[in-house]
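What follows is calculated from the coordinates using simple rules that are stated; it is not laboratory data. Just so we're clear, the structure is a prediction, and the values are computed from it rather than from any experiment. No Cβ is skipped: glycine too gets one built from the backbone with ideal geometry, and neighbour counts run over all protein chains shown.
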Amino acid sequence: MFVKSGVSVEVRDLVKIYKYKGGEVQALKGVTASFGPGTLTCVMGPSGSGKTTLLNLIGGIDTPTGGEVHVGGIKVHTLRGVELDKYRLMNVGFVFQALNLIPTLTALENVMLPAQMAGVSRQESAKRALELLRLVGLADKASRYPEELSGGEQQRVAIAVALANDPSLIIADEPTAELDSQNAKNVVDILVKLARGYGKTVILATHDPRVAVNTDRILRLEDGRLVGEVKPIDLEKSVVGTTPREASVTLSEVIKVKIANVEKEIRDTEEMFRNNKLTAEEFYSKVSRLRLMKEALTELLTSIGSS
Ligand SMILES: Nc1ncnc2c1ncn2[C@@H]1O[C@H](COP(=O)(O)OP(=O)(O)OP(=O)(O)O)[C@@H](O)[C@H]1O
Ligand SMILES: [Mg+2]
């Protein structure tokens with residue numbers, strides 16, 4: 001289904017200044033990073049830190065004020081106009097938070113569209129589109145219109161659309177933002193499969209720690225600068241060794257203690273809510289955050305083996 005593998009992506013001293021009436025904002029202040037084939041990299045950081053800007057410059061949606069973007073042998077920062085359009089169409093698959101399906105086309109027709117735009121015949125596009133819908137688990141819903149699909153299913157169709165021209169590079173900006181945890185997991189599973197199974201280069205921006213914990217590396221952006229890089233597993237490892245006592249226990253024991261702490265905090269929160277110390281909204285937001293944390297920790301425990 002895919003012929004092309006991933007591609008090496010390198011950004012050097014990347015600067016982006018947005019000018020608008022009455023001022024300008026430096027959204028990226030010199031970012032240098034690389035992204036490899038077969039790797040799912042996650043970009044995290046506060047709102048306004050420059051995540052979308054970075055993704056847009058790599059994907060050729062916008063051009064940098066300074067610095068370079070290399071995608072394989074392509075100097076993306078030098079491309080303009082039609083060349084940039086062609087680069088995007090043939091090399092990059094975009095998945096956004098806002099679903100960009102065409103409402104008057106079926107799922108199959110939506111997925112066929114990019115290949116047809118690239119000059120592939122209708123018959124061949126349809127064959128490929130069906131394979132892609134199968135990959136995202138929606139072959140049986142190929143003839144549905146977007147409004148006849150759930151939000152999670154629409155997002156999976158959008159991923160199939162992004163894959164239509166066999167891109168080497170997949171860029172996903174908050175792809176799970178509007179999804180519940182099961183649908184978010186489906187989307188992340190597909191992105192993981194594209195990187196680890198098909199060797200694609202996948203770059204994802206997210207606020208969601210449940211998503212981040214499933215990626216291969218996390219880059220942290222703050223105020224337009226890259227301030228650090230961690231491997232998801234190191235997040236937990238860093239806990240070990242903070243004190244001599246903790247240093248002597250295993251990673252899985254540390255995680256088990258953390259899970260127990262989170263469970264206690266959930267019970268305390270429930271108690272506070274019963275005693276009217278929290279509004280329903282505060283209670284709901286706190287407990288759902290804690291439950292997510294527990295889920296992520298439990299998953300981590302399973303992934304390292306709890307023996
Ligand atoms: N078209 C634009 N014109 C002017 N300023 C912009 C434009 N796009 C983004 N910015 C500014 O650039 C900075 C970085 O924005 P960006 O969208 O990259 O952040 P982000 O990390 O993706 O945030 P979020 O998590 O909210 O999506 C912000 O200060 C933002 O206000
Ligand atoms: Mg953004």
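Report the net charge of residues surrounding A195, where surrounding means a beta-carbon distance below 14 angstrom and charges are Lys +1, Arg +1, Asp -1, Glu -1.
On the way: positive: K4, K193, R196, K200, R217; negative: D189, D216.
Surrounding charge for A195 is +3.
Using a 10 Å cut-off around each Cβ, can you sort L28, L55, L292 from fewest to most neighbouring Cβ atoms? Please list the in-between numbers first.
Working: L28 26, L55 22, L292 16.
Fewest-to-most Cβ neighbours within 10 Å comes out as L292, L55, L28.
Could you tell me what percent of the DSSP beta bridges with both partners in the chain are antiparallel, to the nearest 5? Provide the component values of the computation, followed by the final result.
Working: 22 of 40 bridges.
Taking every DSSP beta bridge with both residues in the chain, the antiparallel ones total about 55 percent.
Using Cα-Cα distances under 8 Å and only pairs 6 or more residues apart, what relative contact order does the chain have, in percent?
Computed over the chain, the figure is 22 percent.
If the reach is capped at under 13 angstrom between alpha carbons, list the aspartates and glutamates near K277, excluding any in the same chain fewer than eight residues apart.
D268
Based on other C-beta atoms within 10 Å, arrange I218, I102 from fewest to most. Don't jump to the answer; show the numbers that get you there.
On the way: I218 22, I102 12.
Least crowded to most crowded, the residues run I102, I218.
Among F35, F2, which comes first, second and so on when ranked by fewest other beta-carbon atoms within 10 Å?
Fewest-to-most ranking of F35, F2: F2, F35.
Rg and Dmax of the stretch 53-193 over Cα atoms: what are they, in angstrom?
Both quantities, over Cα of the stretch 53-193: 15.3, 47 Å.
Grab every C-alpha pair in the chain, bin the distances at 10 angstrom width from 0 up to the longest one, and report whole percents.
6, 23, 30, 24, 13, 4, 0
If the only charges are +1 at each Lys and Arg Cβ and -1 at each Asp and Glu Cβ, what is the size of the charge dipole of the chain around the Cα centre, to the nearest 20 debye?
Numbers: 39 positive and 38 negative charges, 89 e Å.
That gives a dipole near 420 debye.
Relative contact order (percent) for the stretch 5-139, with alpha-carbon contacts under 8 angstrom and 6 or more residues of separation? List each step's numbers first, then the result.
Details: 162 pairs, mean separation 26.4, N = 135.
The normalised contact order for the stretch 5-139 reaches 20 percent.
From the helices alone, meaning DSSP H stretches of at least four residues, give me the mean residue ellipticity at 222 nm for the chain, per-run term -39500 (n - 2.57), in deg cm²/dmol to the nearest 500.
Numbers: 11 runs with 132 residues, N = 307.
Calculated from helices alone, the mean residue ellipticity at 222 nm is -13500 deg cm²/dmol.
Report the net charge of residues surrounding P64, where surrounding means a beta-carbon distance below 14 angstrom and charges are Lys +1, Arg +1, Asp -1, Glu -1. Please report the intermediate quantities before stating the final value.
Numbers: positive: R12, K16, K19, K29, K75, R80; negative: E10, D13, D62, E68.
Summing Lys and Arg as +1 and Asp and Glu as -1 gives +2.
Aspartates and glutamates within cross-link reach of K127: Cα-Cα under 19 Å, excluding same-chain residues under 8 positions apart?
E109, D140, D166
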